[in-house]
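One structure is given below, encoded as structure tokens.
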Amino acid sequence: MELKLEPSRTALVVIDLQRGIVSMPAEPRSPTEVVARAAQMATALRAAGGTVVLVRVARSPDGRDGLKPITDAPVQTGDRSVPPDWSEIVPELKPEITDIVITKRQWGAFYGTELDLKLRRRGVDTIILCGISTNVGVESTARDAYERGYEQVFVEDAMAARDIEDHRHTVRTVFPRIGRIRSTEDVLAALK
């Protein structure tokens, strides 16, 4: 089915395309490819009068605001220190004056941030999602957006995960139940 978008009611929500995360390996495509496609969509949506949201994850300097639950598969973080530029949005997606920049402290971009308020005040009811990691930040944000009633478009070729099977699982089992899966090409065509 052809994708139709009303740019004034649409936001591109770009998840965690920041220096520290894009420096790590990803599958099924490289972070460079994901960033390039996200930048294409951001340029097109801005030109069409839509909203671009750049989401990054960061911890407070003392690290005390991070989640630390007891889990069966703990995240291996190694050295808790990160370079000073770790949470900077990559240069290819440099925020423009009209963009919204959200800093989150956990996987999803809605909880504990102003994202929902900022989107609703702009009349946004449709979210285009992309970024890294498909099965963590993107999926968590997508689930929250679904529960808040947003229409969603998942740009599969503008996402990646640490493991190809994690990416595939989310794309095959979660996304079809809460939105539409499309390509960068589909989104660009819908914004013309």
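Annotations for the structure displayed:
- Computed FRET value (nearest 0.05) for R122 with K4, which takes r as the C-beta separation and R₀ as 22 Å: 0.70
- Remark: the V82-A47 segment gains 9.1 nm on full extension, using 0.36 nm per residue and subtracting the alpha carbon distance.
- Applied to the range 128-143, the Karplus parametrisation 6.51 cos²θ - 1.76 cosθ + 1.60 on θ = phi - 60° returns per-residue 3J(HN,Hα) values of 9, 10, 8, x, 10, 10, 3, 8, 10, x, 5, 4, 4, 5, 5, 5 Hz, with x for Gly and Pro.
- With the highest mean first, a sort of the peptides 17-24, 89-96 on other beta-carbon atoms found within 10 angstrom per residue produces 17-24, 89-96.
- Among V138, V174, V14, residue whose mean-square fluctuation peaks in a GNM of the chain (springs only between Cα atoms under 10 Å): V174
- Rounded tilt (10° steps) of 31-48 against the dominant C-alpha axis of the chain: 40
- Model label points for Y111 and E147, set 7 angstrom from Cα along the Cα-to-Cβ axis, are 0.7 nm apart.
- Pairs of Lys residues in the chain, spaced 8 or more positions apart or belonging to different chains, with C-alpha separations under 21 angstrom: 5 in total.
- Distance histogram for the chain (every C-alpha pair counted, 5 angstrom bins, percent rounded to whole numbers): 1, 8, 17, 22, 22, 16, 8, 4, 1, 0
- Here is the list for the range 111-192: chymotrypsin sites (Phe, Trp or Tyr not before Pro) lying in DSSP coil, each with at most 16 other C-beta atoms within 10 angstrom of its C-beta, are Y111.
- With q set to 0.18, 0.20, 0.22 Å⁻¹, the log10 of I(q)/I(0) for the range 96-192, from the Debye formula over equal scatterers at the Cα positions, is -0.86, -1.06, -1.25.
- Extension gain (nm, one decimal) between D65 and K94, 0.36 nm per residue minus Cα-Cα: 7.8 nm
Taken together, the values in this text are just the output of simple stated rules run on the coordinates, not laboratory data. It should be emphasised that the depicted structure is a prediction, and the values quoted were computed from it without experimental measurement. Virtual Cβ from ideal backbone geometry, glycine too; neighbours counted across all protein chains shown.
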